[in-house]
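Notes follow the structure.
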Amino acid sequence: MSVAEPLTLAVLVSGNGSNLQAIIDRIEAGEIHARIACVISNVHGVFALERARRHGIPTVIHANGAFATRREYDNALVEVLRTHRVELVVLAGFMRILSDVMIGAFPGAVINIHPALLPAFPGLHAQKQALEYGVKFSGCTVHFVDNGTDTGPIILQAVVPVMQDDSEESLSRRILQEEHRIFPESIRLFAEGKLSFHGRQVRISS
Ligand code: GRF
């Protein structure tokens, strides 16, 4: 009996990498049939890179300042991803907007996590936006990436209640717990071929 090859991932990061860690842990536990071919950071020295090294995952610095334009940056990024034969690009706290060059090179194969219930509060500081607006519930969203900012088809969402005395930090912490659950879960569904598009709607087969 032949066993299917694991799905080849690249995880793109810019910071602490707690979502990266959650993905690594579920792969190592045998719960997701995937392997991380490389972790790519646009920032030097972030803790996410150290997490990758601890698990023997190759790292690449693709620095913001190294390219004159967004398209040049993205063309070089596509090269790196192709070299590693990446099938799914995972944006895990990657603080940079990608151009149509990247999205066109990996159609339906770039996913992102956002710390709010989209379409509410896209862009930066989503938790702060939610607190200032006064919503009673926020949460997180995993979505396919399209040419807009946080506008692509939604894969999974999780709801987190907002407490009266929440600070940006306390709300972010509770949202992160849910991110660590639904992001790996979305990758598992993708790896098992359970996601399909119907216009904007993403259907999940059992
Ligand atoms: C997460 O809140 C994610 O939703 C946002 O950036 C944060 C990254 O956290 N895009 P980490 O680096 O995975 O710990």
Q.
Filter the range 126-153 down to the residues that are part of a strand (DSSP E or B) and open to solvent by less than 50 Å² (accessible area, probe 1.4 Å) and list them by number.
A. Ser138, Gly139, Cys140, Thr141, Val142, His143, Phe144
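What number of residues within the range 18-42 satisfy the criterion of being in a loop (DSSP other than H, G, I, E, B), in contact with a Leu (Cβ under 9 Å, 6 or more places away or on another chain) and either modelled with pLDDT under 95 or open to solvent by 20 Å² or more (accessible area, probe 1.4 Å) (or both)? First the steps, then the outcome.
If we filter the range 18-42 for residues that are in a loop (DSSP other than H, G, I, E, B), which is where we start, we get 29-33, 42.
Restricting the remaining residues to those that are in contact with a Leu (Cβ under 9 Å, 6 or more places away or on another chain) gives 32-33, 42.
Of the ones still in play, those that are also either modelled with pLDDT under 95 or open to solvent by 20 Å² or more (accessible area, probe 1.4 Å) (or both) are 33.
The qualifying residues number 1.
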Q. Within the range 106-117, how many residues turn out to be out of contact with any Leu (no Cβ under 6 Å at 6 or more places or on another chain), in a loop (DSSP other than H, G, I, E, B) and more than 11 Å from the ligand (Cβ to nearest atom)?
A. 4
Q: Could you grab me the full set of residues in the range 78-97 that are in contact with a helix residue (DSSP H, G or I) (Cβ under 6 Å, 6 or more places away or on another chain) and free of Cβ contacts under 8 Å to residues at least 60 places away in the same chain?
A: Val78
Q) In the range 190-206, how many are surrounded by fewer than 18 Cβ atoms within 10 Å (Cβ to Cβ) and among the hydrophobic types (A, V, I, L, M, F, W, C)? A) 2
Q) Based on what the data block shows, is Ile113 crowded, with 18+ Cβ neighbours inside 10 Å and in contact (Cβ under 8 Å) with a residue 60 or more places away in the chain? A) yes
Q. Filtering the range 43-95 down to residues that are hydroxyl-bearing (Ser, Thr, Tyr) and open to solvent by less than 70 Å² (accessible area, probe 1.4 Å), which residue is farthest from the chain's Cα centre (by Cα)?
A. Thr69
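The values are calculated or read from the model by the stated rules, or taken from the named source; none is laboratory data. On a predicted model such as this, the values are computed, not experimentally measured, just so you know. Quick reminder, even Gly has a Cβ in these numbers, built from the backbone with ideal geometry, and neighbours come from all protein chains shown. Note: accessible area is taken over every heavy atom of the protein model, side chains too, but ligands, DNA and RNA are not part of it. Shrake-Rupley method; radii C 1.70, N 1.55, O 1.52, S 1.80 Å.
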